[in-house]
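**Q** One structure coming up, written as structure tokens, with questions to follow.
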Amino acid sequence: MPDKKRVSTGLKALDQRLDGLFIGDNVIWYDEAGSLAFPFTLNFIRESQKQHKPMVYVSFDRSPKSLMEELGPLAEYNDLTILDCFTHGKGDGSSVFANFYAQRGVQWPCRIVRTDEPWKPELVAKAIYDIHRQLTGDVRFVFESLTGMQDLWEGEENILKFYSRSCPRLYELQTIAYWIIEKGAHSHRLKAHINQIAQVAIELGVRRGKSALTILKAHKRHPDTLNKPELFWADGMAVGFDADRSMTEKIDLGGRLKSIRTRQGLSQKELAVLVGVTPSTISQIESNLIYPSLPALVKTAQVLGVEAAYFFNKNGEERKPTIFSGEGKRVQFSQMPKGSIDGRHLLPADLPAGVEPYIIEISAGRKIPSHFFTHKGEEFGYLIDGELEVTINNTVRHMGPGDVIFLTHDTPTQWRCGPERIARLLWLKIL
């Protein structure tokens with residue numbers, strides 16, 4: 001018999017570790033967190049669509065509406081069939097879910113087939129193979145999930161019987177199937193039988209707060225990473241492995257980004273909106289789990305008012321003294337009452353210095369219910385104009401033009417500006 005065709009998982013990094021997929025593979029995904037397998041599934045679906053392969057998604061855990069929302073543009077594929085085992089399964093035939101089919105004139109982007117008795121394994125199997133007979137070529141399957149089946153079929157024996165019969169048949173039918181299973185929801189006996197039959201078994205878990213992937217089995221392949229957990233990250237459909245990241249130990253890009261962002265009073269969510277990425281992306285960049293794309297890096301630098309090269313300067317590099325023109329970079333005070341406070345950082349954010357100088361303006365008659373910075377070091381303020389009341393340790397102190405305030409450990413709990421004019425402060429955070 002000739003060697004089976006090798007195809008991609010849709011993720012180059014996973015292909016390199018697994019040595020790709022073979023036509024006929026049944027791939028078991030043991031998911032510890034319940035959601036770790038979905039990004040890998042999305043990439044498998046996208047790759048199948050790129051190859052113009054029919055895709056059948058057998059859903060026990062999501063309603064068709066919910067699944068299509070999760071798939072997004074991937075649901076707009078004529079050769080995608082959703083086998084709905086949810087509506088009359090976990091959905092219990094509720095009108096909340098059944099009404100999905102009652103809407104007249106609704107055009108679904110893909111084909112949806114509902115099973116009315118999904119609690120009968122033999123009828124589910126019949127529906128699967130009836131669908132398969134209508135398709136041509138090597139069909140791709142996603143089963144979500146074996147755990148959902150067990151919840152509905154009341155016991156492991158029915159799961160084992162269904163799986164034991166389906167895997168060899170799908171293998172002979174030249175399909176590729178992803179099977180999702182919750183790692184901790186089944187007996188060792190069931191998992192041992194599953195591993196024995198499957199061609200590929202992959203475990204997804206969490207180690208020290210990070211996602212980890214372990215290849216447990218890869219039939220007729222000999223990956224170097226077999227039984228070796230590898231940390232990975234996922235953001236939507238983007239998936240990468242920590243081991244593939246270069247330069248992380250040399251350049252703390254994430255640390256530099258976080259430092260500049262916090263200096264300017266921006267939250268991760270606010271910066272994400274300005275750059276046009278997700279807050280999760282900013283979080284992962286700042287944790288050095290991923291590097292931004294070049295367009296995102298350039299946009300981030302523009303938003304923060306620094307040169308993109310600053311993120312890659314070696315530690316200890318310094319700029320020569322110079323004169324800076326302009327009013328400085330505006331600081332966000334998103335936690336303060338709107339219109340009550342304004343501020344500007346006077347030095348470029350990428351200038352290494354032992355002090356951060358600001359001009360702070362508090363609107364006339366306005367009250368600030370806390371200190372405007374969160375800073376563990378010393379701070380120094382000089383009131384240029386206006387009148388201020390500052391509350392420290394339940395004691396109210398008055399400040400006029402020319403007065404100085406020096407903070408070490410104590411933090412103001414309230415600032416109040418006089419009613420006649422804006423109060424302007426020169427404020428220094430000592431690093």
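**Q** Using the Karplus curve 6.51 cos²θ - 1.76 cosθ + 1.60 with θ = phi - 60°, work out ³J(HN,Hα) for each residue of segment 328-342 in order, rounded to whole Hz, and write x for Gly and Pro.
**A** For segment 328-342, the Karplus-derived couplings read x, 9, 5, 9, 8, 10, 5, 8, 9, x, 4, x, 8, 8, 9 Hz, x marking Gly and Pro.
**Q** Let me ask something else about it. Which residue, HIS88, HIS222, HIS409, has the most motion in a Gaussian network model of the chain that connects Cα atoms within less than 10 Å?
**A** HIS409
**Q** Please work out the FRET efficiency for the pair ALA308 and THR374, using the Cβ-Cβ distance as r and a Förster radius of 22 Å; give the result to the nearest 0.05. All intermediate terms of the calculation are to be shown ahead of the outcome.
**A** Details: r = 27 Å, r/R0 = 1.25.
FRET efficiency, ALA308 to THR374: 0.20.
**Q** Between ILE368 and residues 5 or more places away or on another chain, which pairs have amide H atoms under 5 Å apart, with H built 1.01 Å from N, and which residues are they?
**A** TRP415, ARG416, CYS417
**Q** What residue among SER267, SER63, SER95 has the largest mean-square fluctuation in a Gaussian network model of the chain, using Cα springs under 10 Å?
**A** In this elastic network of the chain, the residue with the biggest mean-square fluctuation among SER267, SER63, SER95 is SER95.
**Q** In sequence order, what are the phi-derived ³J(HN,Hα) couplings for segment 120-135 according to the Karplus relation 6.51 cos²θ - 1.76 cosθ + 1.60 with θ = phi - 60°, rounded to whole Hz, with x for glycine and proline?
**A** For segment 120-135, the Karplus curve yields 9, x, 5, 6, 5, 4, 4, 4, 4, 6, 5, 5, 4, 5, 8, 10 Hz.
**Q** What accessible surface, in Å², does a 1.4 Å probe find on ILE82, ignoring ligands, DNA and RNA and rounding to the nearest 10?
**A** 0
**Q** Here is a further query. Report in % the part of the accessible area of the chain that belongs to carbon and sulfur, leaving out ligands and nucleic acids; probe 1.4 Å. It would help to have the intermediate numbers written out before the result.
**A** Numbers: 10910 of 21900 Å².
Result for the chain: 50 percent of the exposed heavy-atom area is carbon or sulfur.
**Q** Relative contact order for segment 14-98: what is it in percent, counting Cα pairs under 8 Å that are at least 6 residues apart?
**A** Details: 60 pairs, mean separation 20.7, N = 85.
Contact order relative to length: 24 percent.
**Q** Here is a further query. Would you mind computing Rg(Cα) / (2.2 N^0.38 Å) for segment 255-314, counting N as its residues? Show your work: numbers first, answer last.
**A** Details: Rg = 10.2 Å, N = 60, 2.2 N^0.38 = 10.4 Å.
That ratio works out to 0.97.
**Q** Let me ask something additional. Please report the relative contact order for segment 327-421, taking Cα pairs under 8 Å with a sequence separation of at least 6, and give it as a percent rounded to a whole number. Don't skip to the end; give the middle numbers.
**A** Numbers: 180 pairs, mean separation 25.9, N = 95.
Relative CO of segment 327-421 lands at 27 percent.
**Q** Related question: Report, in whole Å, the centroid distance computed from the Cα atoms of segment 27-97 and segment 212-242.
**A** Here the two parts' Cα centres lie 22 Å apart.
**Q** Per the helix-only calculation at 222 nm, which mean residue ellipticity applies to the chain, given -39500 (n - 2.57) for every DSSP H run of n ≥ 4 and division by its residues, nearest 500 deg cm²/dmol? Walk me through the intermediate numbers first.
**A** On the way: 12 runs with 122 residues, N = 431.
The helix contribution divided over the chain gives -8500 deg cm²/dmol.
**Q** Taking semi-axes √(5λ) of the Cα gyration tensor in Å as the quantity of interest, determine which of [x] 35, 24, 19; [y] 32, 26, 23; [z] 57, 25, 19 was computed from the displayed structure.
**A** The value computed from this structure is option [z].
**Q** In Å², what does the accessible area per residue of segment 169-231 work out to with a 1.4 Å probe?
**A** 52
**Q** Now a separate question. Tell me, what ³J(HN,Hα) does each residue in segment 65-70 have, in order and in whole Hz, if you take phi through Karplus 6.51 cos²θ - 1.76 cosθ + 1.60 with θ = phi - 60° and put x for Gly and Pro?
**A** For segment 65-70, the Karplus-derived couplings read 4, 5, 5, 5, 5, 5 Hz, x marking Gly and Pro.
**Q** Whole-Å semi-axes of segment 328-407's equivalent ellipsoid, largest first, each the root of 5 times a Cα gyration tensor eigenvalue?
**A** 21, 16, 13
**Q** A further question on this structure: With the cut-off at 18 Å, tell me which of the pairs LYS5/LYS228; LYS161/LYS191; LYS120/LYS161 have Cα atoms farther apart than that. Walk me through the numbers on the way to the answer.
**A** Numbers: LYS5/LYS228 26 Å; LYS161/LYS191 13 Å; LYS120/LYS161 12 Å.
Long pairs (Cα-Cα over 18 Å): LYS5/LYS228.
**Q** Can I ask one more? Just PHE406, PHE162, PHE22 to compare: in a GNM of the chain, with alpha carbon springs under 10 Å, which one fluctuates most?
**A** Of PHE406, PHE162, PHE22, the most mobile in the Gaussian network model is PHE406.
**Q** Also, quick follow-up: Could you provide, to the nearest whole Å², the per residue accessible area of segment 1-136 with probe 1.4 Å?
**A** Numbers: 6490 Å² over 136 residues.
Dividing the accessible area of segment 1-136 by its residue count gives 48 Å².
**Q** Collect residues whose amide H, placed 1.01 Å from N in the peptide plane, falls under 5 Å from the amide H of VAL306; neighbours closer than 5 in sequence don't count.
**A** Sorted by chain and number, the residues that satisfy this come to none at all.
**Q** What is the calculated FRET efficiency for LYS12 to THR278, with r their C-beta to C-beta distance and R₀ = 22 Å, to the nearest 0.05?
**A** Working: r = 22 Å, r/R0 = 1.00.
Here the calculated transfer efficiency is 0.50.
**Q** What aspartates and glutamates could a cross-link reach from LYS258, if we take a straight Cα to Cα line under 16 Å and drop same-chain neighbours fewer than 8 places away?
**A** Cα-Cα hits under 16 Å: GLU270, GLU286, GLU307, ASP350, GLU356.
**Q** For an R0 of 35 angstrom, estimate the FRET efficiency from the Cβ-Cβ distance between TYR382 and SER287 and round to the nearest 0.05.
**A** Numbers: r = 37 Å, r/R0 = 1.06.
With a Förster radius of 35 Å, E is 0.40.
**Q** Pull up all non-local amide H partners of LEU347: gap of 5 or more, or a different chain, and H-to-H distance under 5 Å with H placed in the peptide plane.
**A** Correct list: empty.
The values are calculated or read from the model by the stated rules, or taken from the named source; none is laboratory data. Model, not experiment: these values are computed from the prediction. For neighbour counting, all protein chains shown are included, and Cβ atoms are generated from backbone atoms with ideal geometry for every residue, glycine included. Note: accessible area is taken over every heavy atom of the protein model, side chains too, but ligands, DNA and RNA are not part of it. Shrake-Rupley method; radii C 1.70, N 1.55, O 1.52, S 1.80 Å.
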